[in-house]
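Working notes, beginning with the structure itself.
The values are calculated or read from the model by the stated rules, or taken from the named source; none is laboratory data. These figures come from a predicted structure and were not determined experimentally. Backbone-built Cβ (ideal geometry, glycine too); neighbour counts: all protein chains shown.
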Amino acid sequence: MKIDSVLPQPRVKVTLVMASLLFLAVLLAFVHAEDFGVSKIHRLHYAALAKVPVKARARRNPLEGDPDAAAAGRKLFERHCAECHGHDAEGGKRGPSLHVADVQKAAPGALFFVLSNGVVRRGMPDWSKLPEQQRWQIVSFLESLHD
Amino acid sequence: MQAATRLSFHKGKCLVNSENVLPHGGPCSRAKFGAPARAAARFLLVVGLWVLPARAQESPYFVTYDHHLEEPGDLEVEYFSNFGTQRGGNDFVAPWIEFEYGATAWWTTEVYIDSQTTFRDSTVFTGFRWENRFRPLQQEHFINPVIYIEYGNITEADKTMKEVEGHDVESDYAVPNAVANRQWNHELELKLILSKDFKGWNVAVNPFVAKNLGNPWEFAYALGVNRPLTLKASPRRCNFCRENFIAGAEMYGGLGDTRLMGLPDTSHYLAPVMAWNLPSGWTLRLSSGFGLNGNSHRILVRWGVSREFSGFGETVGRLFGGRR
């Protein structure tokens, strides 16, 4: 195999550098934009629980009574949620504590709804990419926090 | 009152109050090594990114997109490769690197750097692409749309085949690199990503149009379906749990252009796909595709490895003096 040219031409290099700088600028703009008003954003997260539609709130956790559900939920929480909400759901820089009354008194259906839909405008992504059962397992873990 | 002594390091010499030259070492070592030390600290911080916590639940698609965007502040670094057989020419392998960043929960931006090696020919850099995905609806709906906009500055020699569009056919890829890599294209691509999760399945449809400036609009499609091997997670920590594997298939191809729309002179592919999401944050993907008509490459094998870095945005922000 003959290698002719791995390195880009000068014009391409310039374009590449400019694209990289633009990418970096966008990235930094959002880093700073997301830095402010953390506590306010946290309150807005809790407010999302209150806005869950009645039908969704009424849904029951199909894994109620499943002895493994909370343990599996903890594992999933550590993998997907702990980075923002803290290892023990105590809250972090980007996500609010889940030990507060707003969360602990929330209906399982409401937790499931927020988990599935996220609070996208406030920075919490939707987790519908996880299968429904795994989202219910996370809800089981959240419910187990007040035990 | 004695003025404060100021140490500085200029053109390889250690200065006191900008005048006296001291031998290296002693109190001047701080000035001498201050800047390099800071640079080293920054470098270590960058290296430290590799130990950032990671999370991953990546889809197995290579060509199709679903509606799930990158988590905000997270960076996913991905290496992919596309091996293709070539009738009337030499087989090739086309690696590319992706940097995918979750700017917000509704906007993901991504930069690609493409290259390719054609066996018995050469290895060439084939350009870059910059894509953005926007999610207009803030909640899950029956069908979830995402708007995709991409600009690419790539050569005719690009063989990553991230998209097969218009009248792309196998013979287009038989041109020697020395000729094909001279032709640079400015390409704009618009996609409508439609995707739905249902009972553990994801179904995604991506109709799209692409315009190489100066050429007519080209049409194409990508379809995908996937599902984890099991829907419930096991309580134990494991690499080989079935929940870590997602399997599916994708189909993609061209649909002509504004001059001749439809299936004539187009190529199409069907590819089983598989992803293995490791708890450590790494994801491995494999796809073994094959052409569906005489204009298609007989075999396209794609593989990839990626890792997601949580909190990348905050780390970079601190590196550049951002708020803690």
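Can we say B:His167 is more than 9 Å from chain A (Cβ to nearest Cβ), without any contact (Cβ under 8 Å) to a residue 12 or more places away in the chain and surrounded by fewer than 23 Cβ atoms within 10 Å (Cβ to Cβ)?
no
Please pick out the residue among B:Asn212, B:Asn206 that is more than 14 Å from chain A (Cβ to nearest Cβ), touching a residue at least 24 places away in the same chain (Cβ under 8 Å) and under 10 Å from B:Tyr65 (Cα atoms).
Details: B:Asn212 fails: under 10 Å from B:Tyr65 (Cα atoms).
Every option except B:Asn206 fails the conditions.
Could you list, in sequence order, the residues of the stretch B:230-285 that are among the aliphatic types (A, V, I, L, M), in a loop (DSSP other than H, G, I, E, B) and more than 21 Å from the chain's Cα centre (by Cα)?
Listed by number, the residues that qualify are B:Leu231, B:Ala233, B:Leu260, B:Leu263.
Would you check if B:Ser81 is within 12 Å of another protein chain (Cβ to nearest Cβ) and buried (at least 17 other Cβ atoms within 10 Å of the Cβ)?
No: the conditions fail for B:Ser81.
Return a yes/no flag: does the stretch B:128-139 have any residue that is more than 14 Å from chain A (Cβ to nearest Cβ) and basic (Lys, Arg).
No, because not a single residue in the stretch B:128-139 is more than 14 Å from chain A (Cβ to nearest Cβ) and basic (Lys, Arg).
Got a sec? Which of B:Ala94, B:Ala103 is part of a strand (DSSP E or B), within 21 Å of A:Leu115 (Cα to Cα) and not acidic (Asp, Glu)?
Of B:Ala94, B:Ala103, the one residue that is part of a strand (DSSP E or B), within 21 Å of A:Leu115 (Cα to Cα) and not acidic (Asp, Glu) is B:Ala103.
Quick one: A:Arg122 ticks every box in (1) at pLDDT below 90; (2) surrounded by 23 or more Cβ atoms within 10 Å (Cβ to Cβ) bar one, so which box is it?
Evaluating A:Arg122 over (1) at pLDDT below 90; (2) surrounded by 23 or more Cβ atoms within 10 Å (Cβ to Cβ) leaves (2) as the failure.
I'd like to know if the stretch B:170-185 contains one or more residues that are under 22 Å from the mean Cα position of the chain (by Cα) and either exposed (fewer than 15 other Cβ atoms within 10 Å of the Cβ) or within 18 Å of B:Gly256 (Cβ to Cβ) (or both).
no
Tell me whether the stretch B:172-186 contains one or more residues that are touching a Ser or Thr at 6+ places or on another chain (Cβ under 9 Å), within 13 Å of chain A (Cβ to nearest Cβ) and assigned to a strand (DSSP E or B).
Yes, the stretch B:172-186 has at least one match.
Any idea how many residues of the stretch A:92-147 are touching a Gly at 6+ places or on another chain (Cβ under 6 Å), within 14 Å of chain B (Cβ to nearest Cβ) and either in contact (Cβ under 8 Å) with a residue 12 or more places away in the chain or over 18 Å from B:Pro72 (Cα atoms) (or both)?
6
Hey, can you tell me all the residues within the stretch B:102-126 that are among the small types (Gly, Ala, Ser) and facing another protein chain (nearest Cβ under 7 Å)?
B:Ala103, B:Ala105, B:Ser122
Out of all the residues in the stretch B:219-250, which are without any contact (Cβ under 8 Å) to a residue 12 or more places away in the chain and away from chain A (no Cβ under 14 Å)?
Residue satisfying the conditions is B:Phe240 alone.
Among B:Glu156, B:Glu150, B:Glu140, which is surrounded by fewer than 21 Cβ atoms within 10 Å (Cβ to Cβ) and closer than 17 Å to B:Gln86 by Cα? Please lay out each step first, then the result.
Values: B:Glu150 fails: closer than 17 Å to B:Gln86 by Cα; B:Glu140 fails: closer than 17 Å to B:Gln86 by Cα.
Answer to the selection: B:Glu156.
Would it be correct to say that B:Gly256 is touching a residue at least 60 places away in the same chain (Cβ under 8 Å), more than 14 Å from every other protein chain (Cβ to nearest Cβ) and not polar (S, T, N, Q)?
Considered against the rule, which asks whether it is touching a residue at least 60 places away in the same chain (Cβ under 8 Å), more than 14 Å from every other protein chain (Cβ to nearest Cβ) and not polar (S, T, N, Q), B:Gly256 comes out as yes.
The rows are residues; the columns are (1) buried (at least 21 other Cβ atoms within 10 Å of the Cβ); (2) part of a loop (DSSP other than H, G, I, E, B); (3) not hydroxyl-bearing (Ser, Thr, Tyr).
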| position | (1), (2), (3) |
| --- | --- |
| B:Glu131 | no, no, yes |
| B:Pro136 | no, yes, yes |
| B:Asn202 | yes, no, yes |
| B:Ala210 | yes, no, yes |
| B:Glu218 | yes, no, yes |
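Of (1) at pLDDT below 75; (2) surrounded by fewer than 18 Cβ atoms within 10 Å (Cβ to Cβ); (3) touching a helix residue (DSSP H, G or I) at 6+ places or on another chain (Cβ under 7 Å), A:Pro62 satisfies all except one. Which?
Only one criterion in (1) at pLDDT below 75; (2) surrounded by fewer than 18 Cβ atoms within 10 Å (Cβ to Cβ); (3) touching a helix residue (DSSP H, G or I) at 6+ places or on another chain (Cβ under 7 Å) is unmet by A:Pro62, namely (1).
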